[in-house]
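The values are calculated or read from the model by the stated rules, or taken from the named source; none is laboratory data. Keep in mind it's a predicted model, so treat the numbers as computed, not measured. Neighbour counts are summed over all protein chains in view; Cβ atoms, including those assigned to glycine, are modelled from backbone coordinates with ideal geometry. Just the protein is used for accessible areas: all its heavy atoms, side chains included, with ligands, DNA and RNA removed. Shrake-Rupley method; radii C 1.70, N 1.55, O 1.52, S 1.80 Å.
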Amino acid sequence: MRVAVPTEIKPAERRVGLVPAGVTQLVRHGHEVLVESGAGTGSGFDDDAYAAAGAEVVDRETVWARAELLVKVKEPVAEEYGFLRPDLTLFAYLHLAADRPLTEALVAAGTTAVAFETVRSGRILPLLQPMSEIAGRLAAQSAAHHMQTNAGGPGLLMGGVPGVAAAKVVVVGGGTVGTQAALMASGLMADVTVLDANGARIRELNDLLGHRARVLMSDEHVLEEELAGADVVIGAVLIPGAAAPKLVRREHLAVLHDHALLVDVAIDQGGCFETSHPTTYDDPTFEVDGITHYCVANMPGVVPRTASRALANATTPYLVRLADGVEQALAADPGFAAGLNVAGGTIRHPGVAQAFPDLPAQPA
Ligand SMILES: NC(=O)c1ccc[n+]([C@@H]2O[C@H](COP(=O)([O-])OP(=O)(O)OC[C@H]3O[C@@H](n4cnc5c(N)ncnc54)[C@H](O)[C@@H]3O)[C@@H](O)[C@H]2O)c1
């Protein structure tokens with residue numbers, strides 16, 4: 001199989017879909033690897049490192065044109081849609097339920113699209129997990145930064161100081177992002193509350209976070225009570241493959257402090273605040289009804305040296321299996337098959353099919 005790795009072109013995205021150690025593994029399995037020149041530079045891997053591992057370093061057109069299996073980090077952007085074709089398998093974060101244009105482009109092109117974020121291993125989403133860990137930790141760091149006046153914030157220190165109260169951080173959704181955000185915020189000595197809607201998860205969080213955070217079962221009333229006291233709200237809910245539920249609605253903005261900061265990490269699945277829209281690091285925040293929203297859709301993109309390695313640790317074993325044979329790899333593992341989002345001109349993932357009922361679908 002010919003495996004290809006393009007350079008990411010989303011704003012402020014410097015991660016890469018494969019590190020040189022992954023090239024070595026693929027070559028050992030008898031595969032050919034093409035890497036776009038400069039693809040790894042932002043993550044600390046130059047062209048020579050890829051060439052030394054056995055990859056052929058080529059230009060952008062060649063990488064897409066000769067790819068049989070293309071691994072990248074973020075979903076293709078509009079200027080890449082023209083490269084999609086029926087004999088291509090794409091392996092990347094796709095978040096299709098929140099992206100109609102890309103879903104249409106993949107269906108029209110007949111591309112086989114396997115999404116990192118819907119691959120399962122039991123209850124875990126193993127290819128989302130490493131980026132969620134990073135985004136969760138960054139959510140607390142970014143909130144701390146954006147509460148400072150030099151970042152346009154209200155001038156609050158996360159941990160307060162002796163005699164002055166710490167900032168109240170409310171994390172909605174206590175999965176991977178939420179847990180890491182809570183741990184990081186509590187490490188900064190904030191006053192942290194985590195809300196989740198799953199009883200089993202609530203018990204796990206209670207054990208895991210101990211005295212570091214309050215853990216509460218989320219319902220409309222609890223959510224509203226917690227929002228009323230919050231300085232920072234971190235949105236981290238997920239219903240795998242589906243668009244995020246809009247838990248914080250526009251009318252809730254009126255109950256928040258006017259200096260509150262909303263960080264919607266779930267923005268890549270459409271956001272869990274009704275008033276969110278995706279932003280980039282070039283202009284990360286905006287205001288609605290006077291409330292600041294931070295909605296960067298590719299948060300880990302700014303820590304590429306950490307993130308590319310963490311991503312590759314998780315994705316490379318799956319990539320090698322796909323390269324050995326796409327159909328066999330998916331047939332052998334129902335959790336891996338849950339990653340199949342589009343194939344043969346139809347939507348194959350139930351969550352994506354539900355988001356776009358008018359597009360051709362054959363959900364597994
Ligand atoms: N913006 C970014 O750069 C970035 C990076 C990584 C992940 N993400 C996104 O962050 C989100 C969370 O990812 P994750 O890995 O933590 O998912 P996860 O599945 O580990 O956790 C989601 C949690 O939400 C909870 N939940 C579901 N419905 C809820 C509700 N109504 N109320 C309260 N809690 C509810 C679930 O019980 C679960 O614990 C996803 O949308 C993911 O795509 C964004």
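Per-residue answers, yes or no, for (1) near the ligand (Cβ under 9 Å from one of its atoms); (2) assigned to a loop (DSSP other than H, G, I, E, B); (3) free of Cβ contacts under 8 Å to residues at least 40 places away in the same chain:
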| position | (1), (2), (3) |
| --- | --- |
| Ala166 | no, yes, yes |
| Thr179 | yes, no, no |
| Leu183 | no, no, no |
| Ser186 | no, no, yes |
| Thr193 | no, no, yes |
| Arg203 | no, no, yes |
| Asn206 | no, no, yes |
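Assess whether Ile134 counts as being in contact with a Pro (Cβ under 7 Å, 6 or more places away or on another chain), within 16 Å of the ligand (Cβ to nearest atom), open to solvent by 10 Å² or more (accessible area, probe 1.4 Å) and closer than 21 Å to Ile267 by Cα.
Spelling it out, Ile134 is indeed in contact with a Pro (Cβ under 7 Å, 6 or more places away or on another chain), within 16 Å of the ligand (Cβ to nearest atom), open to solvent by 10 Å² or more (accessible area, probe 1.4 Å) and closer than 21 Å to Ile267 by Cα.
Could you tell me whether any residue of region 249-260 is within 11 Å of the ligand (Cβ to nearest atom) and among the β-branched types (Val, Ile, Thr)?
Taking every residue of region 249-260 in turn, none turns out to be within 11 Å of the ligand (Cβ to nearest atom) and among the β-branched types (Val, Ile, Thr).
Go through region 261-294 and give me each residue that's among the acidic types (Asp, Glu), in contact with a helix residue (DSSP H, G or I) (Cβ under 6 Å, 6 or more places away or on another chain) and away from the ligand (no atom under 15 Å from the Cβ).
Asp289
Answer with yes or no whether Val288 is modelled with pLDDT under 95, closer than 26 Å to Gly235 by Cα and not aromatic (Phe, Trp, Tyr).
No, not satisfied.
Just one of (1) within 13 Å of the chain's Cα centre (by Cα); (2) open to solvent by 20 Å² or more (accessible area, probe 1.4 Å); (3) farther than 16 Å from Ala4 by Cα trips up Glu75, so point out which.
Condition (3) is where Glu75 drops out.
What's the total number of residues in region 213-223 that are open to solvent by 40 Å² or more (accessible area, probe 1.4 Å) and either within 11 Å of the ligand (Cβ to nearest atom) or in contact with a His (Cβ under 7 Å, 6 or more places away or on another chain) (or both)? Let's see the steps before the verdict.
Taking region 213-223 as the starting set, the residues that turn out to be open to solvent by 40 Å² or more (accessible area, probe 1.4 Å) are 214, 216-217, 219-221.
Still in the running and either within 11 Å of the ligand (Cβ to nearest atom) or in contact with a His (Cβ under 7 Å, 6 or more places away or on another chain) (or both): 216-217, 219-220.
So the count comes out to 4.
Looking for something open to solvent by 50 Å² or more (accessible area, probe 1.4 Å), assigned to a loop (DSSP other than H, G, I, E, B) and touching a residue at least 60 places away in the same chain (Cβ under 8 Å) - is there at least one such residue anywhere in region 25-48?
yes
Would you please name the residue that is farthest from Ala98 (Cα to Cα), looking only at residues in region 270-283 that are touching a residue at least 24 places away in the same chain (Cβ under 8 Å) and open to solvent by 10 Å² or more (accessible area, probe 1.4 Å)?
Here the answer is Asp282.
Only residues that are surrounded by 14 or more Cβ atoms within 10 Å (Cβ to Cβ) and within 24 Å of the chain's Cα centre (by Cα): list them for region 198-212, please.
Just the residues of region 198-212 that are surrounded by 14 or more Cβ atoms within 10 Å (Cβ to Cβ), to begin with: 198, 201-202, 204-206, 208-209, 212.
Asn198, Arg201, Ile202, Glu204, Leu205, Leu208, Leu209 - these are the residues of region 198-212 that are surrounded by 14 or more Cβ atoms within 10 Å (Cβ to Cβ) and within 24 Å of the chain's Cα centre (by Cα).
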